[in-house]
Every structure is written in structure tokens, then in C-alpha cells.
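First the structure, in the form of C-alpha cells, and then the observations on it.
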Amino acid sequence: MARSPCDLRILLVAAAAAFIYIQEKIVALEEMKIRQDEERVHLKILIQDLEKRSVQTLVNNNVAPVAAVVVMACNRPDYLQRTVESILKYQTSVASKFPLFISQDGINGEVKKKALSYNEITYMQHLDLEPVRTERPGELIAYYKIAKHYKWALDELFIKHNFARVIILEDDMEIAPDFFDYFEAAAKLLDNDKTIMAVSSWNDNGQKQFVYDPNFTYWDDWVRLKEVHRDRQFIRPEVCRTYNFGEHGSSMGQFFRQYLEPIKLNDAHIKWNSEDLSYLKEDKFLIQFGKDVASATPLHGSDAALKAHNMDADVRIQYNDQEDFERIARQFGIFEEWKDGIPRTAYKGVVVFRYKSSRRRIYLVGPDSLSQLRFLNWTYARMKGNEILIDI
């Protein structure tokens, strides 16, 4: 049945009205977006101004800060509170040396509320709504988000706020009584020895049964990717200065029961600024460490770990490759993980830990570790004008 011209005119009018309505909505939405963008710009300027004022308040102009301390947070307000309370217990007396920040990734309201409740802490917020593209299938997106957050926060502190050093803590950590003394003393090493990449509060093999001396520190090949560390080292303590209590998080509790929960958190307050840390300079440490490794009693065979139980002295056990290292590490119960040819905590391929909380040391030694240490010791001897080959 044909439509009358009147019906067609009504349809055209309705369509035109709908079109005009849609256009008005589009214009309104565009205007709203412009206003929101303007508000974001103003808010960003306001936040930057508040951050600047907050940092100026925290940093005493008469005291050069040792390092900014940033707690990386996301969506765990209860963990964040426990971490901050642990930090403030020891930070308050040195606040001008170690200004404190919380950097939140995302928009969790409870975390933001908790962070803003601390007057002595500067709050920063990282917002990134871009989709994450992983390099390989099956990888956890959360790790990429964490990496982007770290990059942003470090840029804020190093570049925007011009701090010379930054201490990074996650929102599931408690600190030791001498945490800040340790990092203040270590800052001098970091500044004066360019072969040191960073200083850590953590020992992957810091479980109660593998540590003994809270005064002792080591060199460490961490971060272990060659293109990252570029032959630089980390300084780490024998006894951890942080304790990770976060069973629930991005790593989904991986390794928590076996490796993280048994970690020994140092409870002795070492006066690090009174300690002589010159032994950690590269030449001195290399010579002494090489001698210690070489003087340890060598044990051989597939039952070397069993033999170590019956020894009353430091011992060294050689591993031939990754599979062999993992086998030996499993027998002792230390971290088996290996990356880019380097086991956790290794220095020149040597992993050292205490035997059952005693003074005794176990050295797991790579196939070319001793030759590396001999060559480097010989090099340092020649540099000092000593032509005698140091016997290690």
C-alpha cells in the first residue's frame, strides 16, 4: 500500500528532528570533553603545585637529602598501612634525610584515602589507561603495568624533583631498625665506586637458616640481565633489612611459603656510619672474597652436599651448569632460580650462604669462577705495582 505524501513529510520531519537532536548531543559531548580536558589540565597543575609545596616542606634546606623513599602501591590499603607504619617507626627521626613518598598506580579509592591520610608523606598518582601489549604470549600483564609505574615514579623523583638517589619499597614490606643507617652509609659507596649499580636491602637466600652476621655485606650480580647490569654490581646485606609479608599480589604468592615467609629480618641496630665499609670497594672486596672462596675446603661428587653436613669448616662445591646448580641448590634448600647465566645472589658465579645459622659458609662455585677471581686479583696486583701473582 503506497504511503501518502503527508506520511513521507512526517517521516522526514521526524528524521530531521532526530538528526538535530543527535547533533546537539554530539556538540554537547564535545563541549563536555573540552571542559573535562581543561579541568584535567588545571587539576594537573594544582597537583604539581601541591607536590612541589609538599616536597619543599619535607626537604629541609639545611640538610641535603640522602635519598627519596617511595612506597609503590596499587590496590592493597591494609598492606600499605602496615608498610607505612613500619617505615614511620624509624623514619621520623631522619625525615629530612629521607623524604617519604607514596606512588599509587591506578584509582583504588581506599588506597588513595589511606595515602592522603599521612601528612608527612607526599602522594603521587600514576594513571595509565593505555592497553598493555605483552612481548610473548602468556606473560602476566600485571608485570608490564608494574614496570610502567616504576619508570614513571622514578622519572618523577629523579627528573622532576631532582633527587640524586631513590630507595624503592613495595607496599608489602617492613623495615629493619637500621634500615636508614644502612642506606646512608651505603650511599657513600654508591657515589664513589662506579662499578656499583645500586644497593639492596634484600638477600634472596636470607632465610633464617642461611644467615648469621648482621654486619656483613656482599657484592651481587643483580640485576642479572647482561644488558642491564653491564658488569656493575649490587651491594646486599647478609641479613635482610626488609621483610616481604605480601602473600597476595601480582606474583600470586609464588615462592612465598618456601622462600619469603622464612626470611630473617634484621633486629639488631647496627651503627653503619661508624662501620668501616672500605672492604666493599671493588679491589679490596675482590681480593678478600677470592681468598675466602679459595681457602674453603673443596668437596666433589654427587654427594657433596651430604659431605658438607659433616664438615666443620667453610666448604666450596662446584656446579657445572644450570641444571647442576639447581640440583645442588635444591639439596640445601636455597633459591634455584637462574637468569641470563646468573643464579640469584651470585658474584662471579659464586653463591654464598651460611650453614644452619652458623659461622660456616657454603660456596657454590661456577666452572670458571676461580679463574675469574684469579685473573682479576692478578690485574689489581699489577695495577698497584705488585708483580707477584696472588695465590688464591
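The values are calculated or read from the model by the stated rules, or taken from the named source; none is laboratory data. What you see is a predicted model, and the numbers here were worked out from it, not measured in a lab. Virtual Cβ from ideal backbone geometry, glycine too; neighbours counted across all protein chains shown. In case anyone asks, the SASA skips ligands and DNA or RNA and just uses the protein heavy atoms, side chains included. Shrake-Rupley method; radii C 1.70, N 1.55, O 1.52, S 1.80 Å.
The table that follows gives values for the structure above.
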{"item": "Surface share of carbon and sulfur [accessible, 1.4 angstrom probe, percent] for the stretch 64-172", "result": "55"}
{"item": "For the stretch 296-373, share of DSSP beta bridges that run antiparallel, in % to the nearest 5", "result": "50"}
{"item": "Segment S295-K113, extension gain: residue separation times 0.36 nm, minus the distance between their alpha carbons", "result": "59.9 nm"}
{"item": "Segments 123-136, 321-334, 95-108 sorted - mean Cβ within 10 Å per residue, highest first", "result": "95-108, 321-334, 123-136"}
{"item": "Segment D191-D213, extension gain: residue separation times 0.36 nm, minus the distance between their alpha carbons", "result": "5.4 nm"}
{"item": "Peptides 351-361, 188-198 ordered by average Cβ neighbours within 10 Å, highest first", "result": "351-361, 188-198"}
{"item": "Lys, Arg +1 and Asp, Glu -1 on Cβ, resulting dipole of the stretch 296-373 about Cα centre, debye, nearest 20", "result": "460"}
{"item": "Extended-chain gain in nm, criterion 0.36 nm per residue less alpha-carbon gap, E326 and N310", "result": "3.6 nm"}
{"item": "Counted charge near L280, where neighbours are those whose Cβ lies closer than 11 Å (Asp, Glu -1; Lys, Arg +1)", "result": "-1"}
{"item": "Which of C74, C240 is most accessible, then next, and so on - probe 1.4 Å", "result": "C74, C240"}
{"item": "Electrostatic dipole magnitude of the stretch 64-172 [Cβ: Lys, Arg +1; Asp, Glu -1; Cα centre; debye, to 20]", "result": "180"}
